[in-house]
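The values are calculated or read from the model by the stated rules, or taken from the named source; none is laboratory data. Predicted model, so just to flag it, every value in this text is computed and none were measured. Note: ideal-geometry Cβ built from the backbone for every residue, glycine included; neighbour counts use all protein chains shown. These area figures cover heavy atoms from the full protein model, side chains too; ligands, DNA and RNA do not enter into them. Shrake-Rupley method; radii C 1.70, N 1.55, O 1.52, S 1.80 Å.
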Amino acid sequence: MPPLSSNAPIGVFDSGIGGLSVLRALREELPHERFVYLADSAHTPYGEKGDAFVRERSLAIARHLVSEHAIKLLVVACNTATAAAVHLLRSNLPDIALVGVEPALKPAAHCSRTHHVGVLATRGTIASARFGELLSRNSEHTHFSVQACDGLAHAIEQSTLEPLPAAASLEKTRALCARYMGALGPFGTRDGEMDTLVLGCTHYVFAEPLLRELAGPDIRIIETGAAVARQARRLLQERALLTDPAAQPHGGDVGLYTTAAPSALQAAAQRWLYFPISRCATVSLP
Ligand code: DGL
């Protein structure tokens, strides 16, 4: 493999639009970097599809980003893919620096005053050995109530395609949020109540206003985008791979790619990203 260049882009992928919440944080932390985002929208959601499938997709995407875009860093902007495939990606792509995303249980345990934290994530993430280890490492002084949210990532994905405010999928997203928050139990700041909520799926960041309504104003909601972005900066710094800001004075360009028609990704980018996109196109992967 030729030596990595500091002008190379950072590759970011997710099953769909959820990783845009991570891309947003990355771009804020590293405005001069170039980014290539790949949404596997033809196969979204990953959360209910099983490990073997998610591993196969993750590896195909990572290889594509390396071979077609010569990325210098890979950000797995998907908790489900990180849980299922991060080890496989590390062993198959040993030369590429890699950052994964996992539910922020440690910061949540640190913040919670009631020592009771709610966690929303996909079925795949929750069933993974990696999540089991994370949970046991952080459960000494904190009780975690964990809820798998079947259908929620899909509903969020769909809701970006419909015009606001009367979108049917938004209503579906609202109903699923209410169901899963209800299943977790009472939120609040009294003893026994959950005072902290972890968003263990990058899609759920886009449902935060709905979750906030349900949890109440005093609850801390934790997601991982900013922490992932700081870790990406650290890795690039360590490897002397940060872009020279003088080479990208107006900010690095951001390309979006999807394995399906670009409409959902384009709509989501328009709604949730605050920087210009240089292209949004379909790619075909093996
Ligand atoms: N956004 C992903 C995650 O963080 C995956 C959601 C899905 O595809 O089910 O887990």
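Okay, here's what the table says:
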| quantity | calculated |
| --- | --- |
| Looking only at region 147-173, and only at residues there that are assigned to a helix (DSSP H, G or I) and small (Gly, Ala, Ser), the one that is modelled with the highest pLDDT | 153 |
| Only listed residue being farther than 23 Å from residue 20 by Cα and open to solvent by 50 Å² or more (accessible area, probe 1.4 Å), chosen from 123, 174, 190 | 190 |
| Residue within region 92-99 that is in contact with a strand residue (DSSP E or B) (Cβ under 7 Å, 6 or more places away or on another chain), more than 14 Å from the ligand (Cβ to nearest atom) and open to solvent by 60 Å² or more (accessible area, probe 1.4 Å) present | no |
| Test for residue 271: is it out of contact with any Phe, Trp or Tyr (no Cβ under 7 Å at 6 or more places or on another chain), among the basic types (Lys, Arg), open to solvent by 20 Å² or more (accessible area, probe 1.4 Å) and over 28 Å from residue 6 (Cα atoms) | yes |
| Check on residue 56, within 16 Å of the ligand (Cβ to nearest atom) and in contact with a helix residue (DSSP H, G or I) (Cβ under 8 Å, 6 or more places away or on another chain) | no |
| Cβ-Cβ under 7 Å pairs, at least 6 apart or on other chains, region 43-62 side open to solvent by less than 20 Å² (accessible area, probe 1.4 Å), far side of a type in the set (Gly, Ala, Ser) and within 9 Å of the ligand (Cβ to nearest atom) | 46/15; 46/81; 46/124; 47/124; 47/153; 54/81; 54/124; 58/81 |
| Residue tally, condition over 22 Å from the mean Cα position of the chain (by Cα) and of a type in the set (Asp, Glu), over region 243-260 | 1 |
| Pairs with Cβ under 7 Å, 6+ apart, first in region 182-210 and within 12 Å of the ligand (Cβ to nearest atom), second open to solvent by 30 Å² or more (accessible area, probe 1.4 Å) and modelled with pLDDT under 95 | 206/272 |
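Conditions (1) open to solvent by 70 Å² or more (accessible area, probe 1.4 Å); (2) of a type in the set (A, V, I, L, M), marked per residue:
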site: 110; (1), (2): yes, no
site: 118; (1), (2): no, no
site: 136; (1), (2): yes, no
site: 141; (1), (2): yes, no
site: 144; (1), (2): no, no
site: 178; (1), (2): no, yes
site: 185; (1), (2): no, no
